[in-house]
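Data block below; observations after.
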Amino acid sequence: MSNQNTNAEFLNAIFGNRASDTRVVYCRFPGDPHQRKSWPHSVWAYGDIEGGQNTYFGVAAVKPDKEGRLGRRKDNFAGLHCVMLDDVGTKANDDLPLTPSWLIETSPGNHQAGFIFEQPIELAEAEALLKALTVANRLTDPGGQNVVRWARLPVGINSKGTLAEPFTCELRAWNPESRYRLDELVSALGLDLLAHTATRRSRKSGVQTDPGDTVYTPRAESNPVITALQARNLYKKPLGSGKHELTCPWVAEHTDQADSGTVYFEPDDNFVRGGFKCQHGHCASRHINELLSLLGVTDHEAKHKPTFRISGGTLHIAVNNAERVMAETGRYFQQGGAIVSVMTPPGGETAARHIRKEALPFLLTGHASWLRNDARSGEWVPIDAPNKVCSGLFDAPEYLHLPALNAIARQPYLRPDGSVVTQAGFDPVTGTFGAFDARLFNVIENPSESEIQSALRQIMALVIETSFATEADKAAALAAFLTAAARPSLPVAPGFLFNAHQPGSGKSYLQDLAILFATDGDVASATLKANDDEMEKSILATLLRSPAVVRFDEAQGDILPIKFLVSSLTSEHVAGRILGQSKVIAPSTRSLFLFAGNNIQPVGDMLRRVLVCNLDAKVENPESREFKHDPLTYLRDHRAEYVSAALTLICAHHQAKERMPCRPLNGFPRWDEWIRQTVMWLGLTDPCTSMFAVARTDPNHERLSELLEVWGECFGSEPKAARDAIKRADETSQRLKAILLEIAGKNGEIDATKLGYWLKRNEGKVISGKRFERDESKSPFAKYAARILPNFQTDEQTPKTPTTPSNEIEQSTRGYRTTRGSTPDREKVSVISSWGEIE
């Protein structure tokens, strides 16, 4: 069976009968799964999940735990909807007694078989079933005991390093109607659930025990001091900020027995047991010690913290629950395998701060009480958080409790379905932390015609005096502003290059405008480095802070296809090693990449990853031009209005649900739909025009084009090796020799090895309907032929789409689309702004 189902259809068939308050989680990442330290989860938002990478889903539905945290761990278990048998056909038996609901080939000859339940299975039954499966006659792999384990989705690849090349998963069988009761599955597979449901009991007392009980004790639900005060009828009311009003226990000693002015303070970092203050003179010397003694509350209880009792053989329990404690504070997250917190320094940009290993003892000691047994007294005495626990937590291969942080939004943001999130704080569905004052923004999700026109005029007024080279460059500027406003919601997005012929043309100005659409904080400039290792260190350290913008200002040369920079623009996460640490992390890349320079362009693989916005002042000294207005200052003072306008335009196009005819920009599907399509729908030209134009001026493009022409003249369609080409160049063709020297020259001669590698790298690239094709015949040397492709379609030809009839001359969408091929003259549109009317 070919892979016909989408991942969305697959998940909907399995989880369609789940409770409305539960969620389905999945993960998606490139690279070798064995090399990843963590697999951050995402919550399925009912849309499709793209393939092209490793794709997994959790077999159990999940729900928030008691603290409101949503994750992929046992505390979040809400029901087992299916069971998956792994390694069927290799490590596990392939003689299945029941028809599987699905069968996915995950590598050659190796399958995952799934069985969907008629009704979700509860936790106790699920644990017993999975344990029985792993010990029963090689039915599945040992990892099958995890009730929230991952299973592969049908649309995706297997890129494990043990495979010669990535394997495209295939859905070999799909029988969603085959659903089973638990007893049916148990009977057919010959399982013994009873053997795996017996609880462990203490030999002495017969009381059920859990080895974790003596290691970790969660914090009491209510503060013991407040509970004791309420029991004595001394508690009055909360005052906020951890303060509580009460009747003083020594009120009888007050003058006239006045019952006022007594407060209890909850524990904090400065007062670990809390505080007590009575304003009456008779109690001036009484503090928290006297209150606790009177109430019979111990110092340990008064701290109102979770408790760890450390002893040998319990490190794994302590590490797991130490992560739980950090997650319950609501201050910490995981980002690509690293623990981070979100902070806003005074006057600075809200950013993620990486928690170093050296800081964990301090933090964990503050968040929990740590005890060890004193051999002499036999009592449990306080200690600092042990280094072994801190190291184990820092180096953990996977975090089960800390929520995954995908992005920090400095303004309202969009969910995958296009709805707007206006509430600040952490959103577990998108993994986004909103750091903004929602009262300042007014995003209109379904705007009227006049509201769309007003939003567009407001934004375009910012560049009314900017000298763009072409209308496509103006469209690229608008695309940059919209991308900046929506970047936390875009898994990947292209970078933007603001390019000019000479300084003073407005490159930095446009950069500053785009930055303000992304953040109100300061953005430091980074430096482009030609060395991949140096670039990796620089970008990795930057991305770990989840910045709104990564800015490369005044680049001195072309934007080269440096490996780590390339990956940062087309992958949702990039992996690298923390400077000074052995740990590999994979932070999110949801930051806007901006470049600026004079007479530069993207090169090689950066061509389709960077949009170019060209400026042309057409004067000798552009830095001395005079302008009527100062839009940058106005934007800085009214940022929320402009960001709201940008998001309103994106929402308007989302409501229209119409696709403009253009070549797709592969690798950026959501950006293409939300940003590029919005710009074109509003009546501007395609912002990617310059991207395709730059590709044709790439030096390598020119060399390849010329060599294809000369190669065809010399050899026709006959395959030739690099050595044959060099011989012909030396003997008869000066034109061939000139281009080969440019490509593979070394000390005045043509290097055959260098030429061979160049041909290999450029094999299959199409230039004007021609390309080099490698001869498949057995030969000691690789041979290439210049071939002409039949039915070749040039870049300039616009593909027809179902929504674009070939005989349709005029299109209209909300009044913004114009005659195809034309662009409205925005300079003639009356733009209303706070500084008056600009004609």
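The alpha carbon convex hull volume per residue for the range 4-114 rounds to 134 Å³.
More than 16 angstrom separation, counting every C-alpha pair in the range 542-664; what % is that? It would help to have the intermediate numbers written out before the result.
Numbers: 5792 of 7503 pairs.
Cα-Cα pairs of the range 542-664 separated by over 16 Å account for 77 percent.
Note on E67 and E165: their simple-model spin labels are 4.7 nm apart, each label 7 Å out from Cα toward Cβ. Spin-label model, N599 to R735: label points 7 Å out along the Cα-to-beta-carbon direction sit 2.9 nm apart. Each of P547, V225, V135 was scored by the projection of its Cα onto the charge dipole of the chain, and the greatest displacement toward the positive side belongs to V135; charges sit on the C-beta of Lys, Arg, Asp and Glu.
Highest mean packing comes first when the peptides 634-640, 406-412, 761-767 are listed by Cβ atoms within 10 Å, giving 406-412, 634-640, 761-767. Across the range 662-781, the relative contact order, built from alpha-carbon pairs under 8 Å that are at least six residues apart, equals 18 percent.
Tell me what the chain gives for mean residue ellipticity at 222 nm when only DSSP H runs of n ≥ 4 count, each as -39,500 (n - 2.57), the sum divided by the residue total, rounded to 500 deg cm²/dmol. It would help to have the intermediate numbers written out before the result.
Numbers: 22 runs with 228 residues, N = 839.
The helix-only estimate for the chain comes to -8000 deg cm²/dmol at 222 nm.
Between D299 and Q35, the C-beta separation translates, for a Förster distance of 51 Å, into a calculated FRET efficiency of about 0.65.
Dividing the C-alpha radius of gyration of the range 5-65 by 2.2 N^0.38 Å, with N its residue count, gives 1.17. Bridge orientation summary for the chain: considering DSSP beta bridges with both residues in this region, about 70 percent are antiparallel.
A crude spin-label estimate for the pair K765 and A173, with each label 7 Å from Cα along the Cβ direction, gives 4.7 nm.
At a probe size of 1.4 Å, how large is the accessible area of E554, to the nearest 10 Å²? Here the accessible area works out near 80 Å².
Classification of the range 237-389 by its C-alpha gyration tensor yields an oblate form. The axis ratio a/c (a ≥ b ≥ c) is 1.5 or more, and b/c is at least a/b.
Around the amide H of K583, modelled in the peptide plane, lie the amide H atoms of I578, all under 5 Å away and 5 or more residues distant in sequence or on another chain.
If you place +1 on the Cβ of every Lys and Arg, -1 on the Cβ of every Asp and Glu, and leave all else neutral, what size is the dipole of the chain about its Cα centre, to the nearest 20 Debye?
Working: 95 positive and 102 negative charges, 328 e Å.
Dipole size: approximately 1580 debye.
For the range 446-548, the pair-distance distribution built from all alpha carbon pairs, in bins 5 Å wide starting at 0, is 2, 10, 17, 20, 20, 15, 8, 4, 2, 1, 0 percent.
For an R0 of 60 angstrom, estimate the FRET efficiency from the Cβ-Cβ distance between H316 and K237 and round to the nearest 0.05. Let's see the in-between values first.
Working: r = 44 Å, r/R0 = 0.73.
Plugging the Cβ-Cβ distance into 1/(1 + (r/R0)^6) gives 0.85.
Most tightly packed first, judged by the mean number of other beta-carbon atoms within 10 Å of their residues, the peptides 490-500, 16-26 read 490-500, 16-26.
Between A124 and K746, the contour length at 0.36 nm per residue exceeds the alpha carbon distance by 216.8 nm.
Sorting 109-117, 605-613 by their mean Cβ neighbour count within 10 Å, with the most densely packed peptide first, gives 605-613, 109-117.
At R0 = 35 Å, how high is the FRET efficiency between E620 and E709 if r is their beta carbon distance? Nearest 0.05 is fine. Provide the component values of the computation, followed by the final result.
Values: r = 39 Å, r/R0 = 1.12.
So the FRET efficiency works out to roughly 0.35.
For the range 232-266 and the range 359-407, what is the centre-to-centre distance using only Cα atoms, to the nearest Å? Taking the Cα centre of the range 359-407 as reference, the centre of the range 232-266 is 35 Å away. The tail of the calculated P(r) for the range 496-561 beyond 16 Å holds 52 percent of all Cα-Cα pairs.
The structure shown yields Rg and Dmax of the Cα atoms in Å, and of the options [x] 32.3, 118; [y] 27.4, 90; [z] 31.0, 97 that calculated value carries the label [x].
The values are calculated or read from the model by the stated rules, or taken from the named source; none is laboratory data. Source: prediction; values computed, not measured. Neighbour counts are summed over all protein chains in view; Cβ atoms, including those assigned to glycine, are modelled from backbone coordinates with ideal geometry. Accessible surface is based on the protein model in full, side chains and every heavy atom, while ligands, DNA and RNA are left aside. Shrake-Rupley method; radii C 1.70, N 1.55, O 1.52, S 1.80 Å.
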